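Okay, so here's the structure we're looking at.
Read the figures in this text as sums done on the coordinates, not as results from a lab. What you are looking at is a predicted structure, and each value in this text was computed from that prediction instead of being measured. Please note: Cβ atoms are built from the backbone with ideal geometry, for glycine as well, and neighbour counts cover all protein chains shown.
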Amino acid sequence: MSLAQEVWVLAQGQLIAQGTPAEVTRNQAVVEAYLGHGTAERLQKSAAHSQSAPIAQESTV
């Protein structure tokens, strides 16, 4: 999608989303249609968890 400025997403012949690639990939209807029921919520929880987890620092020994 890096070549497109705007995309349209169809599911079962119906337009379910339209916008920039970033907007469309964050759209819950798109995630649900292509990755399955409940996936959008799981991805949001996973992202929230990874943002709150401490980042390990590398040792420079």
Practice item. Note the full-extension length gain between Glu6 and Lys45 as 0.36 nm times their separation in residues minus their Cα-Cα distance, in nm to one decimal. Key: 11.3 nm
Exercise for review: Would you mind computing, in nm to one decimal, how far apart the modelled labels at Gln18 and Ser52 are, each placed 7 Å from Cα along Cα→Cβ?
Suggested key: 3.8 nm
Study note, to complete from the structure: Once Lys and Arg are counted +1 and Asp and Glu -1 for all other residues with Cβ under 15 Å from that of Gln18, the total becomes -1
